[in-house]
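The values are calculated or read from the model by the stated rules, or taken from the named source; none is laboratory data. Every value quoted in this text rests on a predicted model; they were computed, and no experiment measured them. Cβ coordinates were reconstructed from backbone atoms using ideal geometry, including for glycine residues, and neighbour counts include every protein chain displayed.
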Amino acid sequence: MKGIAIGLSNTSKVILEILKKNEFIDEIYIASSNYEEKSEDNIIPLVKPKKVLKEKWKDLDLIIFIGSIGASIRLINSFLTTKDKDPGVIVIDKIGSQIVPIVGLHQSNTQNISFQIANLFGGEIIETNNSNDQSFLNLDAFGKQWGWKRSGNMTDWSKLVIKQSKNEEIFCKQLSGNNLWKTSESGEIINQIDGKENKKPDSTFHVSIFENNERNWHPPVLWIGIGCERNTSKELIANSLNNFLESGNLSQQSIAGFATIDIKKDEKGILELAEEKNLPIKFFSKENLSTIIVPNPSNVVQKEIGTPSVAEASCLLAAGKESTLLEEKRIFKNQSGAVTIAIAESKNQYNPTHGEIHIIGSGPGDISFLTNNAKKALSRSTVWIGYKMYLDLIKPLKRSDQVLIESKLTEEKERCSKAIKLAQEGIKVALISSGESGFYGMAGLLLELLQKIKKEHRPYFEVHPGISSVQLAAAISGAPLMNDFCSISLSDKLTPWSLIEKRIEGALVGDFVIALFNPKSIERNWQLKSVIDICLQSRHGDTPVLIARQVGRENQTKKFFTLNTIPFKEIDMLSIIIIGNSQTTLVDEIFLTPRGYLQN
C-alpha cells in the first residue's frame, strides 16, 4: 500500500512522524504557500498540497490529512473520480483525538486503517458509514481481510451495498476458502446458500474459484502443476494457462501458486511467470512425485525423469491433504516449446505473504494497561486467538467483523499452530498472551514453531510488548525493582526442579530482588515452601516480601509479609511474590529497594 500524509499546519509534525514511524504511510509533507522555503529541521518537506496530489493521486492507495475537514475536501475535490479508483482519504485533527475517514471506506481498506490509527493515538473514529453504525459487513471490502481478491462489476457491488443499507436480506454462496468469517457478528447476519443450490436471490455474492461475471470473492486455493520442455517460453506457459483457466471458468485470482519438479528450479519461463504474478513455486523431488497416484501417468516421463507424472502429481502435492484434481493435465505446444498443465484445488488457502501474526501482550488485566501499539495490532488483525479469560478482558475492543477463537489454558501449542496456519492462508492474526508475551508467554513458543518453517514460506510476525504483572505488582507496592532483580517461575512442568533451585541459589548469591511467578498450584503445593527455606539460609527472616494477587483486575490485593511470616495457604497461581534483597526496606507500606542515589 502506497500512502502519503500532509499536515495542513506546522503543528502537524508530531502526528506526521508517528504515522510514518508506524508505517501507515510512506511520505510526509507539511503544507506551505511558499514551498520554496525550508522547514525548520529540513526533515519534513514543505509543499503545495495540490501540486503533490496532482503528481501522485493515481498511484496512491491512501492520503491522510492532519487538519481541517473542510480544507481537506477542497484539496481533493477536483481529483475525485469513482469510488473504485480513488485512494482512501482520512482526516485527523492536530492532536490525534478524532479520526475521520471520508473517501474509499471500502475500496482502500480505509475503515480498518482508521481503527488502527484511532487505537494508536487513543482517539475516536467518527464515521457515518452504514457498515460501522449497524454492524454490517463491508461486503465489497471484507474479503481482503481473509486473503481473498474481488471480481465483478463495481456497479453491481454498489447495488448490493445499497440493498444492505436498506436492511434487505443479503445472501452468500461459498464454495471454497476459509469460512471462519461466518462466525463473526457481522457474518452471522448473512444468509448462507447451500453450495448445491442453483437458485439464488439477486442480493447474492459468491466466494469461489469461478469466474462467472458475478460478485465474487476468490480465495487462493488453486495450485497449478507445470511440466515443460527445457527453455519453453514464458509466453507459451502464460497463454496456455490462461486458455486452460478460461475453459474451466476458473479465476486467475484464485491461484495460490505453481508446482513442479525440482529439476525445474532454473526453468526461466516458469520462474519469470511466477515473478510476474507474484506467486510462489513449490518444487518436489521425483521420489515424492512418484508416490502420488494420478489419472494420467506417462511412461515417457517416467523413463526421462524418473516419475510418471509432473503436472498432476505436483499440483496435488502442493495442494495438500484432501485436495481435488480439478483439471486433469493438458499439453500445449508451439514452436517455442511444450508445456503440460494440471490444476488441483486445496482445502486450505495459501497466501503467506499477505498473512501476519501479531503476538500481543495484553497486560495484567484491566484494559487500561493495554498499550496503544497493542491496540493498533488488535485492530489490524481479523482473528484473535487466546485463552478465553484473556480474550474476555479485551473483548470491548473487538469489532463486529472480527473473529475470536477461544482455547483452554493448556492448549498453547494448538493456539500457536492455529495462528500460523491462518496467517499462511493470508489472514492477519492476533495471538494473545496476558502480561508481556515474552515473559512466560506465547512469544517464545510461536517463534520456535516459526523457525521450523522455511523463511520464504513464513508469514510476517511482530511481537508487541505488554505490561507484565510483576511490573504492576511493583508499581502498586512502591519501587522494589529499582536495583538489579530477576524473575523465576516455580513451575517445574517445563523446567526441571533441580535447575530452578540453582537459579534461586544464584539469585541469592548475587543479592538480587527475586520475583516469583507461578508460585503454587493444587498440584505443585510444596515448591514455594522449599524456595523460602533456601532463601532463609542466606537472608534474614525479616526480609520484606510482597504478595500481590489478581493485579490489574477487579479483585486486586497487595499484602506485605516477611520471609518468616509468608502465609502459604493464601498463595495460588494468581499470585506474584517479590522478595526483597539485603537493601530492600518496607516503611509505611512503601516497598523500596534503593538505587543508592542518596549515598552519593
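Quick one: is residue 341 crowded, with 24+ Cβ neighbours inside 10 Å and within 20 Å of residue 242 (Cβ to Cβ)?
Details: crowded, with 24+ Cβ neighbours inside 10 Å: yes; within 20 Å of residue 242 (Cβ to Cβ): yes.
Yes, satisfied.
Within region 169-177, identify whether any single residue is out of contact with any Ser or Thr (no Cβ under 6 Å at 6 or more places or on another chain) and closer than 18 Å to residue 135 by Cβ, and answer yes or no. Yes, some residue in region 169-177 is out of contact with any Ser or Thr (no Cβ under 6 Å at 6 or more places or on another chain) and closer than 18 Å to residue 135 by Cβ. Answer yes if at least one residue in region 416-439 is surrounded by fewer than 17 Cβ atoms within 10 Å (Cβ to Cβ) and within 30 Å of residue 492 (Cβ to Cβ), and no otherwise. Within region 416-439 (the criterion being surrounded by fewer than 17 Cβ atoms within 10 Å (Cβ to Cβ) and within 30 Å of residue 492 (Cβ to Cβ)), the answer is yes, since at least one residue qualifies.
Give the residue, chosen from 361, 337, 355, 365, that is in contact with a strand residue (DSSP E or B) (Cβ under 8 Å, 6 or more places away or on another chain), in contact (Cβ under 8 Å) with a residue 40 or more places away in the chain and closer than 30 Å to residue 472 by Cβ. Steps first, please.
Numbers: 337 fails: closer than 30 Å to residue 472 by Cβ; 355 fails: closer than 30 Å to residue 472 by Cβ; 365 fails: in contact with a strand residue (DSSP E or B) (Cβ under 8 Å, 6 or more places away or on another chain).
Going through 361, 337, 355, 365 in turn, the sole match is 361.
Is it true that residue 379 is modelled with pLDDT under 95, in a loop (DSSP other than H, G, I, E, B), closer than 23 Å to residue 117 by Cα and in contact with a helix residue (DSSP H, G or I) (Cβ under 7 Å, 6 or more places away or on another chain)? So residue 379 fails the test. Selection of region 397-408 for residues being in contact (Cβ under 8 Å) with a residue 60 or more places away in the chain and among the basic types (Lys, Arg) yields only 399. How do the pairs read when you match residues in region 409-424 that are farther than 14 Å from residue 450 by Cβ with residues anywhere that are of a type outside the set (D, E, K, R) and surrounded by fewer than 23 Cβ atoms within 10 Å (Cβ to Cβ), using Cβ under 7 Å and keeping only pairs 6 or more apart or on different chains? Short answer, once both residue conditions are applied: 409/387; 412/445; 414/407. When we screen 53, 75 for residues that are outside any loop (DSSP other than H, G, I, E, B), among the aliphatic types (A, V, I, L, M) and out of contact with any Pro (no Cβ under 8 Å at 6 or more places or on another chain), the only hit is 53.
Looking at the structure I just gave you, is residue 361 touching an Asp or Glu at 6+ places or on another chain (Cβ under 7 Å) and in the same structural domain as residue 416 (by TED's automatic domain parsing)? Walk me through how you get there before you give the answer.
Working: touching an Asp or Glu at 6+ places or on another chain (Cβ under 7 Å): yes; in the same structural domain as residue 416 (by TED's automatic domain parsing): yes.
Considered against the rule, which asks whether it is touching an Asp or Glu at 6+ places or on another chain (Cβ under 7 Å) and in the same structural domain as residue 416 (by TED's automatic domain parsing), residue 361 comes out as yes.
Pairs linking a residue in region 566-579 that is surrounded by 23 or more Cβ atoms within 10 Å (Cβ to Cβ) to a residue that is assigned to a helix (DSSP H, G or I), with Cβ atoms under 6 Å and 6 or more positions apart or on different chains, are 576/469; 576/470; 576/473.
When each of 577, 534 is tested for being within 19 Å of residue 470 (Cα to Cα), β-branched (Val, Ile, Thr), modelled with pLDDT of 95 or more and not in a loop (DSSP other than H, G, I, E, B), the lone residue that passes is 577.
Here is the figure for region 78-101: residues that are closer than 19 Å to residue 125 by Cβ and part of a loop (DSSP other than H, G, I, E, B) total 6.
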